[in-house]
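Here's the structure we're looking at; comments come further down.
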Amino acid sequence: MDLDYLEHIPASFGEASRVWIYQSSRRLTLSEALELESDIEAFSADWNTHGRANTSYINLFFGQFLVIMADENQGPVSGCSTDSSIRFVKGLEKKFGVQFFDRQLLAFVIKDEIQVLPMSQLAYAVQQGFLTSDTLYFNNLVSSKKDWANKWLIPIKDSWLATRLPLS
């Protein structure tokens, strides 16, 4: 599986650009992903802060991660604007029958595939050898372009999970 996403991050955006990552509860089908593209274009064209267009980049990664990034060098994203992006994502949940806000579902690269596991099953997955300290984890808590580029796809041992799992 090709996990190189860095080439898709716009170089023109500042390192401190705000990032929100919404992980789908399942991988979107190709037809859903194509439909999502037009939804993204429509939302991005209208997304603004008090009448000023937000400088944004929105894309679906690996068929499962919706990334919204705003370059605040042109001006900050307001609370109302953030709320509108949340409404947009909630609308996508209904449209595609997925969950984007379930923070109990965590994504890992297991046997060259993205696997989503409920947090309640992580200790079992470690005991069975499915997860190790070197297993790649999608850290959707990143909040800036810099962190997205450097701390999104990381080994479990380098994440907040390292202290919560019985890793050897």
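The values are calculated or read from the model by the stated rules, or taken from the named source; none is laboratory data. Computed from a predicted model, the values in this text were never measured in an experiment. Heads up, the Cβs are rebuilt from the backbone with ideal geometry, glycines too, and the neighbour counts pull from every protein chain shown. Each accessible area value is taken on the protein alone, full model and side chains, heavy atoms only, with ligands, DNA and RNA left out. Shrake-Rupley method; radii C 1.70, N 1.55, O 1.52, S 1.80 Å.
Suppose the filter is in contact with a strand residue (DSSP E or B) (Cβ under 8 Å, 6 or more places away or on another chain), open to solvent by 30 Å² or more (accessible area, probe 1.4 Å) and either part of a loop (DSSP other than H, G, I, E, B) or touching a residue at least 60 places away in the same chain (Cβ under 8 Å) (or both); does PRO10 pass it?
No; evaluated as a whole, the condition is false for this residue.
In region 13-49, the residue that is surrounded by the fewest Cβ atoms within 10 Å (Cβ to Cβ) out of those that are of a type in the set (S, T, N, Q) and under 30 Å from LYS111 (Cα atoms) is SER31.
Filtering region 63-101 to residues that are of a type in the set (Gly, Ala, Ser) and closer than 30 Å to ASP2 by Cα leaves GLY63, ALA70, SER85, GLY91, GLY97.
Would you point out the residue of region 55-77, among those that are of a type outside the set (A, V, I, L, M, F, W, C) and modelled with pLDDT of 90 or more, that is nearest to GLY14 (Cα to Cα)? Ranking the candidates gives ASP71 first. For region 139-155, the criterion of being hydrophobic (A, V, I, L, M, F, W, C), surrounded by 19 or more Cβ atoms within 10 Å (Cβ to Cβ) and assigned to a helix (DSSP H, G or I) is met by at least one residue.
Residue pairs whose Cβ atoms lie under 7 Å apart, sitting 6 or more positions apart in sequence or on different chains, and linking a residue in region 143-166 that is under 17 Å from VAL67 (Cα atoms) to a partner that is assigned to a helix (DSSP H, G or I), are ALA149/LEU6.
Taking the numbered list (1) polar (S, T, N, Q); (2) surrounded by fewer than 19 Cβ atoms within 10 Å (Cβ to Cβ); (3) in contact with a strand residue (DSSP E or B) (Cβ under 8 Å, 6 or more places away or on another chain); (4) closer than 23 Å to ALA149 by Cα in turn, ASN73 passes all entries but (3). The number of residues in region 93-113 being over 17 Å from the mean Cα position of the chain (by Cα) and over 21 Å from ALA33 (Cβ atoms) comes to 2.
Screening region 80-132 for residues that are of a type in the set (Gly, Ala, Ser), over 17 Å from ASP46 (Cβ atoms) and out of contact with any strand residue (DSSP E or B) (no Cβ under 8 Å at 6 or more places or on another chain) and picking the one that is most open to solvent (accessible area, probe 1.4 Å) gives SER120.
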